[in-house]
1. Looking at the structure I just gave you, is residue 27 among the β-branched types (Val, Ile, Thr), touching a strand residue (DSSP E or B) at 6+ places or on another chain (Cβ under 9 Å) and farther than 24 Å from residue 186 by Cα?
2. Tell me the strands (runs of 3 or more DSSP E) entirely within the range 88-176 that contain at least 1 residues that are touching a residue at least 40 places away in the same chain (Cβ under 8 Å) and more than 20 Å from residue 73 (Cα to Cα).
3. Can you report the number of residues in the range 16-59 which are in a loop (DSSP other than H, G, I, E, B), in contact (Cβ under 8 Å) with a residue 40 or more places away in the chain and within 21 Å of residue 195 (Cα to Cα)?
4. Among the residues of the range 75-93, is any at pLDDT 95 or above and over 23 Å from residue 5 (Cβ atoms)?
5. Of all residues in the range 198-212, how many are outside any loop (DSSP other than H, G, I, E, B) and surrounded by fewer than 16 Cβ atoms within 10 Å (Cβ to Cβ)?
6. So which residues in the range 172-197 are within 15 Å of the chain's Cα centre (by Cα) and surrounded by fewer than 19 Cβ atoms within 10 Å (Cβ to Cβ), if there are any at all?
Amino acid sequence: MKLLVIGASRGIGLEVVKQALSRGYEVRAFARSADSIRLSNPRLEKRSGSALDASDVASAMPGVDAVVLTLGVRAGPGMVLGPIHLFSKATQIVIDAMKKACVRRLICVTGFGAGDSRAKLGPLQAIFFELLLGRAYEDKDAQETLVKRSGLDWIIARPVVLTNGPNTGRYKVLDHPKDWRSGTISRADVADFLLKQVQDSSYLGKTPVLTN
């Protein structure tokens, strides 16, 4: 199978690329800085482009079996002062390109605090969240709505606070709202979950929270 990883040059996306190659997948790694990915593998194709450019995304879509969408924004004043539209705009472009190319499986990363999981934030956490992440997560709310209405075979993963730890395989997948809670999880463990969804339909149409 061939995967298109969008946001592949760093963070969760880069972890997905590494683990996908180790599991035998062909990978098309899409990012503005794809050429900077320090990996070499005959099954890896680096594709430079912008997730906000419909022609770039459309050209990266043919021949893939699933899309792993791992967009992020760098921390800084713009994240607080906004506005942020990256997640929703890019996601609509991806959805349109997938439909045109007849690609069905979309595995999307948002975060704990997006959508209906925001109600599970503690009082102090909610204040911190709103001050620092509120604008980004308003757009992630819109992103989740687009994915849910897409008609594709989708999974939305909502990881909690991310760390640079190893892939332990000992994380928890909380798919029922009553169990949702905060915590930490490594980017490598998030990538492990995302890759398992390529061929597993257990969480299809669900929005599980990932935590340790």
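The values are calculated or read from the model by the stated rules, or taken from the named source; none is laboratory data. Keep in mind it's a predicted model, so treat the numbers as computed, not measured. Positions of Cβ are generated from backbone atoms using ideal geometry, with glycine treated the same way; all protein chains shown enter the neighbour counts.
1. Values: among the β-branched types (Val, Ile, Thr): yes; touching a strand residue (DSSP E or B) at 6+ places or on another chain (Cβ under 9 Å): yes; farther than 24 Å from residue 186 by Cα: no.
Taking the combined requirement at face value, the residue does not satisfy it.
2. Working: elements: 105-109, 153-159, 161-163, 172-174.
So the answer is 105-109, 153-159, 172-174.
3. 3
4. Scanning the range 75-93, I find no residue that is at pLDDT 95 or above and over 23 Å from residue 5 (Cβ atoms), so the answer is no.
5. Here is the first cut: in the range 198-212, the ones outside any loop (DSSP other than H, G, I, E, B) are 209-211.
Next, only the ones that are surrounded by fewer than 16 Cβ atoms within 10 Å (Cβ to Cβ) stay: none.
Residues in the range 198-212 being outside any loop (DSSP other than H, G, I, E, B) and surrounded by fewer than 16 Cβ atoms within 10 Å (Cβ to Cβ): 0 in total.
6. Of the range 172-197, the ones within 15 Å of the chain's Cα centre (by Cα) are 185-197.
The one that is within 15 Å of the chain's Cα centre (by Cα) and surrounded by fewer than 19 Cβ atoms within 10 Å (Cβ to Cβ): 196.
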